[in-house]
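Worksheet for the structure shown next.
Rule-based calculations on the coordinates, nothing more; no lab input. Not measured: the values here are computed from a predicted model. Note: ideal-geometry Cβ built from the backbone for every residue, glycine included; neighbour counts use all protein chains shown.
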């Protein structure tokens, strides 16, 4: 396909990471790029939706309250109560916000006109991961004390002593580096790759449309693929928000558990 | 493939996408922080309240229904017991009344019988007395009349039948007159 495209028109430029760079909308301020504005827009959108939805707190919910409450109840029960256990209520606001924030920003990727998943800029997942990272360390230190926490990580109980030679560095690396790295990287890479995939089919379709007659017909396939993949992406976007929240809940549950 | 898209090296497109921009980390951090505070203050407590109210409404409703049910069945039991009591009471009263009535009836009958006997005997004795009196006075008068009649008969001739009957008739008229 690549060669075919090259032969037809050597002018086709495949989408690259450059398509993820946005110039400031006005001025030179980095605060006014599309992704940054989208992030703040997501806060306004999600914040107002759930505030309005929860405002009446009626026993018999309206449609709006039911919609908000369904998402809330899902996170509260599936990720809070079932994963963390009896102390879950403390963490429900955090898990709920986490899911809502990531989900909204991901879904921007398939919303017409917005069409950019903000989490495909690695800075944003990192900003959110800091919260998860600090939370699960803080919870563990507060619950067990710093000394016991470090000892439990470095010297997992019930293991033959020589194994510590391998296990201790691995454990340390897991708790301090791997977990936050994978959390933010997983989210970023999924959104980045998904958006790139949509770009390939959309830009490809657009390019084909401007080419010869037969290729114009082929653009139809390219565009329908882009539409199909958009729905596929929607699934991935929701799934990634869920996974990020689930893993955070699991890390918190681990921090609260008596043995690591 | 990723290389072709500039995933690892992006010579033509500025910084690699895996190198975070500090400004975006801060924006992500702050934006999430704002949303977290907002939802913690405005959404979660309200959803929890609705959840709690709903649980209470359902459980409270069930409890209230149970209490009402129990009260109703207690009341029913009470009414049934009262009804049975009342029925027993009524039957007893009826029985008593009947017994009392028959006693009274018996008494009345006895009294009436007595009275009747008394009246009958009184009447009988008074009749007897009257009869006696009448008999007495008749006895005297018959005696006197007979004497008088005899004297009259003796005084006049008794030969013819006509005269005889005339004398008797005259005598009777005199008796009638003298009365």
Quick one: angle between helix B:22-38 and the longest Cα principal axis of chain B, in degrees between 0 and 90, rounded to 10, please. 10 degrees
Calculate the mean, over all residues of peptide B:47-58, of how many other protein chain Cβ atoms lie within 10 angstrom of the residue's Cβ. 5
Give me a single rounded figure for A:181-188: the average over its residues of other chain Cβ atoms within 10 Å of their Cβ. 1
On a 0 to 90 degree scale, rounded to 10, what angle separates helix B:44-155 from the longest Cα axis of chain B? 0 degrees
Average Cα contact separation per residue, segment A:22-256, under 8 Å, 6 or more apart, as relative contact order %: 23 percent
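At a Förster distance of 41 Å, what's the computed FRET efficiency of residue A:232 paired with residue A:44, Cβ-Cβ distance as r, to 0.05?
Numbers: r = 28 Å, r/R0 = 0.68.
Here the calculated transfer efficiency is 0.90.
Students often check this: by mean Cβ neighbours within 10 Å, which of A:244-255, B:64-75, A:119-130 ranks highest, and how do the rest follow?
Values: A:244-255: 21.7, B:64-75: 10.0, A:119-130: 26.7.
Most protected by this proxy first, the peptides run A:119-130, A:244-255, B:64-75.
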Ignoring everything except DSSP H segments at least 4 long, calculate the 222 nm mean residue ellipticity for chain B; use -39,500 (n - 2.57) per segment, divide by total residues, nearest 500. -30500 deg cm²/dmol
Evaluate E = 1/(1 + (r/R0)^6) for residue A:138 and residue B:16, where r is the Cβ-Cβ distance and R0 equals 35 Å; express this FRET efficiency to the nearest 0.05. 0.65
Considering only C-alpha atoms, what is the centroid distance from segment A:218-254 to segment B:9-78, in Å? 23 Å
Compute the long axis of helix A:63-74 from its Cα atoms, compare it with the longest principal axis of the Cα atoms of chain A, and write down the angle in degrees, 0 to 90, nearest 10. 60 degrees
Extending each Cα 7 Å along its Cβ direction at residue B:145 and residue A:214, get the distance between those two points in nm, one decimal. 17.8 nm
Once the Cβ-Cβ distance between residue B:26 and residue A:161 is put in as r, and R0 is 41 Å, what FRET efficiency do you end up with, to the nearest 0.05? 0.40
I'd like to compare B:137-149, B:29-41: which one has the highest average count of other Cβ atoms within 10 Å, and what's the full order after that? B:29-41, B:137-149
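Quantify how strongly other chains surround peptide A:49-62 by giving the mean number of their Cβ atoms within 10 Å of each of its Cβ atoms.
Mean shielding count: 5.
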Roughly how far apart, in whole Å, are the Cα centres of segment B:102-178 and segment A:76-90? 132 Å
How far apart, in nm, are the 7 Å Cα→Cβ label points at residue A:258 and residue B:74? 4.6 nm
What nm distance separates the two modelled labels at residue B:87 and residue A:168, each placed 7 Å from Cα along Cα→Cβ? 9.1 nm
Find how many whole Å separate the alpha carbon centroid of segment A:108-174 from the alpha carbon centroid of segment A:176-217. 28 Å
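Using Cα pairs under 8 angstrom and six or more residues apart, how large is the relative contact order of segment A:1-145, in percent?
Values: 88 pairs, mean separation 23.2, N = 145.
Across segment A:1-145, relative contact order equals 16 percent.
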